[in-house]
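To keep things clear, I will list the structure first and then write my remarks on it.
The values are calculated or read from the model by the stated rules, or taken from the named source; none is laboratory data. Given the structure is predicted, the values throughout are model-derived calculations rather than measurements. Glycine gets a Cβ as well: all are built from the backbone with ideal geometry, and neighbour counts include every protein chain shown. With ligands, DNA and RNA removed, areas are computed over all heavy atoms of the protein, side chains included. Shrake-Rupley method; radii C 1.70, N 1.55, O 1.52, S 1.80 Å.
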Amino acid sequence: MRRKNREVTDRGRIEEIIRSCHVCRLGFVDDGRAYIVPMNFGYVEEDGKYVFYFHSAKEGRKIDLIRNGGEAGFEMDADYALKTAESACGYTAYYSSVIGRGKIEIVEGEEQKRRGLGVLMRHIAGREGWEFPDKMVSAVNVLKLTVEELTAKQHRRE
């Protein structure tokens, strides 16, 4: 990381940033070209690693890329605010962000899919105890990204 003074290494602060984010952008390589898709997400910690869950249609470009590679990059950010100045070079932005990469897979099994959907709903809706009808569970894919690398960065107002 170039700006070490903005790096966030405290695990608690990293989790605060992730908790404050509403969208995770997944990035894939498709025939040498970048493909990025914004997604709602939920997360848990398993065996010391962050695990992100997403829901998805059963078909499409993203699903094809997951089946063909199983690797994804990700980015999420929050707390954006523009700092203005008298000159263009004085402008800057305040933000908090997390980026990384990991192994992504399609979750198999109805109970594991329900677990992933529950994790997602806890993050986006702020509560647990959701019911997921069989028809709905079978109609969607649940994606699981196990984080292998993660960095966090923050530029706070002084």
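Summary table below
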{"quantity": "Nonlocal amide H pairs with Val107, under 5 Å, H built at 1.01 Å", "calculated": "Val142, Leu143, Lys144"}
{"quantity": "For segment 35-95, radius of gyration divided by Kirkwood radius, i.e. Rg to Rh on alpha-carbons", "calculated": "1.16"}
{"quantity": "Separation in nanometres of the label points that stand 7 Å from Cα toward Cβ, at Ala34 and Glu59", "calculated": "3.0"}
{"quantity": "Accessible area (Å², 1.4 Å probe, nearest 10) - Glu46", "calculated": "50"}
{"quantity": "Modelled FRET efficiency - R0 41 Å, Trp130 with Cys89, Cβ distances, 0.05 increments", "calculated": "0.25"}
{"quantity": "Nonlocal amide H pairs with Met39, under 5 Å, H built at 1.01 Å", "calculated": "Cys24, Arg25, Leu26"}
{"quantity": "Between 0 and 90°, nearest 10: helix 11-20 axis offset from the chain longest Cα axis", "calculated": "70"}
{"quantity": "Semi-axes of the equivalent ellipsoid for the chain, Cα gyration tensor, largest first, Å", "calculated": "31, 18, 14"}
{"quantity": "Calculated FRET value between Leu82 and Glu110, using beta carbons and R₀ = 35 Å, to 0.05", "calculated": "0.15"}
{"quantity": "Hydrodynamic radius by Kirkwood, which averages 1/r over all alpha carbon pairs of segment 1-74, in angstrom", "calculated": "14.3"}
{"quantity": "Extended-chain gain in nm, criterion 0.36 nm per residue less alpha-carbon gap, Lys103 and Arg11", "calculated": "31.0 nm"}
{"quantity": "Karplus-derived HN-Hα couplings along segment 130-142 (A = 6.51, B = -1.76, C = 1.60, θ = phi - 60°), whole Hz, x at Gly and Pro", "calculated": "6, 9, 10, x, 3, 4, 5, 4, 6, 7, 10, 9, 10"}
{"quantity": "For segment 34-45, Karplus couplings with θ = phi - 60° (6.51, -1.76, 1.60), whole Hz, Gly/Pro x", "calculated": "6, 9, 10, 9, x, 9, 5, 8, x, 8, 9, 10"}
{"quantity": "Distance violations [Cα-Cα > 26 Å] among Lys113/Lys153; Lys62/Lys135; Lys62/Lys83; Lys83/Lys153; Lys103/Lys135", "calculated": "Lys113/Lys153; Lys62/Lys83; Lys103/Lys135"}
